[in-house]
Amino acid sequence: MFKVVKNNNQKILTQGSIDYLIIEKWSTALEGALTSCKAVIIATKEVAWFNDIVLQLRTHKDKNVFLKPVFYKYDVKSEYVIHTDGLFEEDLSNEMVRTIVDKIQNVPQLAFEQNFDVTTRLVQFLFTREAKLVPVKNRHSKIGYIYPFIGLYFTNKEYEIEKQLQFLVNDETLDVKLKDKIQLCNDCHDSYLIYKETCPKCKSIDLEAQDIIHHFTCAHVAPQEQFMNSEDDNLQCPKCDKHLRHIGIDYDKPSSVYNCNTCDHNFQVSQVLAECHSCNHVNSLEELIEVTIYDYELTMKAMLLAEGKYQVHKTEAKNDTLVFKQLLDQERKRHFAKGHSSYLFTVSLTGELLNILDSNYINSFWKDMKQVAREYVVNDLCYVREGNSIRLLLLDMLQVEAEQLQQKMIYNMELLLSDNIKSHITIENKLINVDTL
Amino acid sequence: MNHLIPEYLNYWFEVGIWKFIRIFWYFVLFEFTRYIIIDYIVYGIFYLNRKKRQDRWDLAKQKFRLENPLVSIIIPGKNEGKHLYKLTKSLSEQTYTNFELIIVDDGSDDDTPIIGENLKKHGLIDLFLRNDQRGGKASAANFALQFCKGKYIVHLDADCSFDRDAIENVVIPFYIDENIGAVGGNVKVRNYKSSLCAKLQAIEYLKTVSVGRIVTSYLGIYKIISGAFGAFRSDVISSIGGWDIGPGLDGDITVKIRKSGYRVYFEPTAVCLTNAPEKFKVLTKQRLRWDKSIIRFRVRKHKDVYFPNANFKWSTFFSLAENVFYNVILDVLWWIYIIDICINYSGSLQFVIPMNITLYFVMSYVQMCSIYMFSERREEEKYLWKYVAFMTFYTGMYLRIVRTIAYYKEFFFKRSFEDPWNPYKSSRLAKEHGL
Ligand SMILES: [Zn+2]
Ligand SMILES: [Zn+2]
Ligand SMILES: [Zn+2]
């Protein structure tokens, strides 16, 4: 059913029309074979070799390599398995390879090619996988968690991952779900901290806590020790000699007090310090660095973007159209006062000249247009540019008002276009009541 | 109207001295002798001895400075957080610096725990103790006592502020006479300009605290070390087991110290300023509480001092007896006096009442003169002179009525045990044990 072909010392497993490159140890000689195979199987029992292979593959500069489906044959108990696509299992793996390879083809070269930074790679990786980035608890990581894929780019600097991912969250590429909050040593960013109660005066850990007893009848207050009767286990008040029988009736314990055996200081609130197990730095709680751990997931917008189904123009913000559509939908469902409505105003430029003109000129023209439009729309969200046309949403007004705005816009637009150009270009515009859409 | 005044004057000219004393027996026997004659005699003695007293003071101060003892300042209270920062400020200005500051937060339900821990962190206080459950002022003070390391303990209220030499001056008397077990500070009203109610209290404090206590202290019958500002010898206070439950625990601990054989001293130069209630409604509540404690502690709890026994001391006897006499018995006598006048002089009330008012009016100003002579901040207190006219009504009527109500309630119903000032758990047991 499948066969392993040995070719130039490289083993290839073909199964269900998929070629798996079998790697036992990384070497640069593999490069050629890598591009021609659809997937990789790591077949070593050496953890170091295993890790090296994973690292080399996932941090490879070629998109076709770092996104490649990677399976392993032996469970080597390496934390690096989270960067792979799992244990090799004939049918299951085949299915996965097909899906992943399909998606890799959909990753648009154009959007990400020049900008080959880590976050972009991550987005591509997530897009071709389950779209989820779930950190996993791990004691060997300094922050106690390891991140699939992106973790390989931040070995020993895991605390920086969250910051990097925050950029993607801010521009709506990733959604987050709170998972954990962890404290790190201020000095070395390690999470292996030993918390200890100490004396606020001399920092000694040699403390003793004592319950304080309040005898109601005579208002005597003292550490429990002073109430202990040496002959029996009864409590007896040293001030008035009465026996304390019943907590809540004869006496209570309103608090407890620490005594420091080193400097004899008394206090109620001990100072908690966090000693770092790696660098011995003693952190006060205030100086600990808090890092929030999230589960991440690609947003719908990011998925569309990655597939190129999301219309983007380089000079405009990417999500404008989507928001505009939502606003438009909202306006259509809205109930207006009598005579009022919202209007969709479209202006487009057509003409052969537009294809010949310098793109800088066109862009600056639209930039100026946007300035003009700003005076007529409530906010920037009601303005969207798609190629050489713009759409404006005029909110809640009378038809006459909308028509006045329409005329002013066209007038201003004509002023912006210089005469020699104007004659070669046609301006089309349309004003539509949203109710009629 | 015109013929009324000559008729009024004529009446008093014809009455004669013995009848005058008969009609105004209350004033002549009690008020005039106690508050005018004795005050002026003591002032006279003070004036004559001033050189000797100054020498004694200087010597004591020298000994004190040489020894430089640690003083533990304790401040128990509930919801006093808002005053704490100002208080630490006031204390950091003190001429005497060898003190530790211990704050006890007795079950506050506001930001006090946060403020306290914060001040401690910044080194402004040495120890911040907190009871999650309120135990009452006495237990809070006793809690602090457990951790005091000083030779002397100064007890303060959080809402007070202090003259720069107040802490020093309140401790120096311990070096005048080693038999002194406790020293009371001079409490004055800080907000005396804020309302008429506060002004009248300011005058009252000058009379009863500043001058009154110089006199009682001199006579050896000084009876109450104000909780707002008092100093105690550590060994004495531990030997008597600290404070017992209040209200009125200030007076109570003073009696306990007297009973165990120590002198109690008043130091007029150790000045502490406190805020007095600005409204009569608040003042009435405060006074009801104070006055009830007289019955509870002077009459009931410490009744043994009135009987000859092993610990019997004349000065303690007089101290309490004076207090009880001038408060409780005179209060009753005053009502008897009213009844006496109403029955026997019902026809001459139009003469008797104005004369009474005149007498008290004149006495108020005569007393103010003695206050002026004793005072160490005369200029500021001149402001109060014009309000002295109201004192006749303030002490003569208002305070008397409040006092009567308090005594009546406490004497017959032991109302102070129900005072929300103490938690129920403590009051219930105290009542059972007759404390
Ligand atoms: Zn460290
Ligand atoms: Zn007891
Ligand atoms: Zn210590």
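Only the coordinates and a few stated rules stand behind these numbers; no lab work does. Quick caveat: nothing in here was measured; it's all calculated off a predicted structure. Cβ atoms come from the backbone with ideal geometry, glycine included; neighbour counts cover every protein chain shown.
Which residues' amide hydrogens lie under 5 Å from the amide hydrogen of A:Leu184, considering only partners 5 or more residues apart or on another chain, with H built in the peptide plane?
Residues meeting the criterion, in which the H sits 1.01 Å from N, are A:Ile289, A:Glu290, A:Val291.
If I model a spin label at A:Tyr192 and B:Ser239 as a point 7 Å from the Cα along the Cα→Cβ vector, what separation in nanometres do I get?
Distance between the two pseudo-spin positions: 6.1 nm.
Where in the range A:332-373 does the label zone of A:Thr436 land, with the point 7 angstrom along Cα→C-beta and an amide N cut-off under 20 Å?
A:332-348
Determine the gain in length on full extension of the stretch A:Lys163-A:His140; use 0.36 nm per residue of separation and subtract their C-alpha separation, reporting nm with one decimal.
6.2 nm
Roughly how many nanometres apart are two label points built 7 Å out from the Cα toward the Cβ at A:Asn229 and A:Ile410?
With each label placed 7 Å out from Cα toward Cβ, I get 10.6 nm.
Identify which of A:Lys45, A:Lys333, A:Lys239 has the largest mean-square fluctuation in a Gaussian network model of chain A, with springs joining Cα atoms closer than 10 Å.
Between A:Lys45, A:Lys333, A:Lys239, it is A:Lys239 that shows the largest mean-square fluctuation.
GluC sites (Glu not before Pro), restricted to the range A:85-189: which are DSSP loop and have at most 14 other Cβ atoms within 10 Å?
A:Glu89, A:Glu113, A:Glu130
Read phi for every residue in the range B:352-362 and hand back ³J(HN,Hα) as whole Hz from Karplus 6.51 cos²θ - 1.76 cosθ + 1.60, θ = phi - 60°, with x for Gly and Pro.
With the stated coefficients, the range B:352-362 comes to 5, 5, x, 5, 4, 4, 4, 4, 5, 4, 5 Hz.
Would you kindly state how much longer the chain becomes between A:Asn355 and A:Arg374 on full extension, computed as 0.36 nm times their sequence separation minus their alpha carbon distance, in nm to one decimal?
Full-extension gain reported as 4.2 nm.
Given an 8 Å cut-off on Cα distances and at least 6 residues of separation, report the relative contact order of chain B as a percent.
Computed value for chain B: 17 percent relative contact order.
Could you calculate the contour length gain from B:Lys313 to B:Lys279, that is, 0.36 nm times the residue separation minus the distance between their Cα atoms, to one decimal place in nm?
8.2 nm
Per q in 0.19, 0.31 Å⁻¹, report the Debye log10 I(q)/I(0) for the range A:216-271, using one uniform scatterer on each alpha carbon and no solvent.
Calculated log10 I(q)/I(0) at the listed q: -0.75, -1.29.
Only four residue types carry charge here, +1 at the Cβ of Lys and Arg and -1 at the Cβ of Asp and Glu. Report the dipole size of chain A about the Cα centre in Debye, rounded to the nearest 20. Write down the numbers at each step before the final one.
Values: 49 positive and 62 negative charges, 300 e Å.
Using Cβ point charges on Lys, Arg, Asp and Glu, chain A gives about 1440 debye.
For the range A:1-106, which chymotrypsin sites (Phe, Trp or Tyr not before Pro) pass both filters: DSSP loop (anything but H, G, I, E, B) and at most 16 other C-beta atoms within 10 Å?
A:Phe2, A:Tyr74
Give the order of A:Trp366, B:Trp57 when sorted by the count of other beta carbons within 10 angstrom, beginning with the fewest.
Ordered by Cβ neighbours within 10 Å, fewest first: B:Trp57, A:Trp366.
Given a 10 angstrom Cα cut-off, can you work out which residue in B:Phe147, B:Phe229, B:Phe266 is the most mobile in a GNM of chain B?
Of the options given, B:Phe147 has the highest mean-square fluctuation.
Using a 10 angstrom cutoff on alpha carbons, build the Gaussian network for chain B and name the most mobile of B:Leu101, B:Leu349, B:Leu288.
The residue that fluctuates most here is B:Leu349.
Take the Cα atoms of the range A:28-92, find their three principal axes, and give me the spread along each one in whole Å, biggest first.
28, 28, 18 Å, listed from the longest principal axis down.
Let me know the Rg and Dmax you get for the protein assembly as shown when you use only its Cα atoms, in Å.
Rg, Dmax (Cα atoms, Å): 44.9, 146.
Under the classification rounded if a/c is under 1.5, otherwise prolate if a/b is larger than b/c and oblate if not, where does chain A fall, given a ≥ b ≥ c as square roots of the Cα gyration tensor eigenvalues? List each step's numbers first, then the result.
On the way: a/c = 3.30, a/b = 1.47, b/c = 2.25.
Here chain A falls in the oblate category.
Considering only Cα-Cα distances, which of the following residue pairs are longer than 27 Å: A:Lys77/A:Lys103; A:Lys103/A:Lys157; A:Lys239/B:Lys285; A:Lys73/A:Lys177; B:Lys149/B:Lys259; B:Lys199/B:Lys256?
A:Lys77/A:Lys103; A:Lys103/A:Lys157; A:Lys239/B:Lys285; A:Lys73/A:Lys177; B:Lys199/B:Lys256
Once you put a point 7 Å from the Cα of B:Tyr11 and another 7 Å from the Cα of A:Asp180, both along the Cβ direction, what distance in nm separates them?
Between B:Tyr11 and A:Asp180, the simple spin-label model gives 9.5 nm.
Once the dipole of chain A is set up with Lys and Arg at +1 and Asp and Glu at -1 on Cβ about the Cα centre, which of A:Ile150, A:Thr59, A:Asn186 lies farthest towards its positive end?
Towards the positive end, the residue furthest out is A:Thr59.
Using the Cα gyration tensor of the range B:60-278, with a ≥ b ≥ c the square roots of its eigenvalues, what is the shape: rounded (a/c below 1.5), prolate (a/b larger than b/c) or oblate (neither)?
rounded
Size of the dipole of the range A:1-106 about the Cα centre, Lys and Arg at +1 and Asp and Glu at -1 on the beta carbon, nothing else charged, in debye to 20?
260 debye
Over all residues in B:134-147, what is the mean tally of Cβ atoms on other chains that come within 10 Å of each residue's Cβ?
Mean partner shielding for this stretch: 5.
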